[in-house]
Amino acid sequence: MNKAFLKFLILNFSFFILLSAACGRKKEAPVDLGPAPAVSAFVLKNLLSEFPGEIRTADYAGKVQLVLFFRSDDPACRGSVADWNALLKDFSGRGFVLVGVLVDDRDTDQIAAEALDLGAAFPVGLATDARLVDAFGGPAAIRAIPTAFLLDRTGNPVRIYAGFEPLAQIRDDVDRTLDGRSIVDRKAKPAVPEENAP
């Protein structure tokens, strides 16, 4: 038997065996990550070098948190970083933290470079786990950029800010939440002064 023909037979037989094994293999089911962890138990990849490598929301237990979903390439978001830094500076001594979460599907290196250029005085993480968005109510809850969630000391959301809310309103809400006071319902009609009452 010709050596070249023998090699041809061996190669074809090997290919047939591999093909048969692959065809009989079941497709692997997607990995089920389970339900979203509580908002207070998330770990985010940190994008800023001056902070630890991971942002663990459990580290902020007992503090009032403003969790801010935004984009590093949005000019309005970038322009608001100074206001967010000022908010953190004013209230951090009373137990307030601000955590930035970038919602972006672009290249991670590009996002990280933009994040480093923000000048943020707060940790900025990347929302790589889709369950994080689910924990905050899903895509319908984050319907504007930025969207921020104010959490009380027990980790419960007390107010959602969709878009750019006046900083004075956020400041008042943070102040009240730190003191354990309820937040003013802005949808409620103001009380009619007694002298104007019918």
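Multiplying the residue separation of GLU165 and SER80 by 0.36 nm and subtracting their alpha-carbon distance yields 29.5 nm.
Between ARG94 and ARG181, the modelled labels are 0.9 nm apart [label points 7 Å from Cα along Cα→Cβ]. Classify region 46-179 as rounded, prolate or oblate, taking a ≥ b ≥ c as the square roots of the eigenvalues of its Cα gyration tensor: rounded when a/c is under 1.5, otherwise prolate if a/b is larger than b/c and oblate if not. Verdict is rounded for region 46-179.
Readers should treat all values here as calculations from the given coordinates under stated rules, not as data from a laboratory. Nothing here was measured: the structure is a model prediction, and the numbers come from that model. Counting neighbours? That spans all protein chains shown, and the Cβs are built from the backbone with ideal geometry, glycine included.
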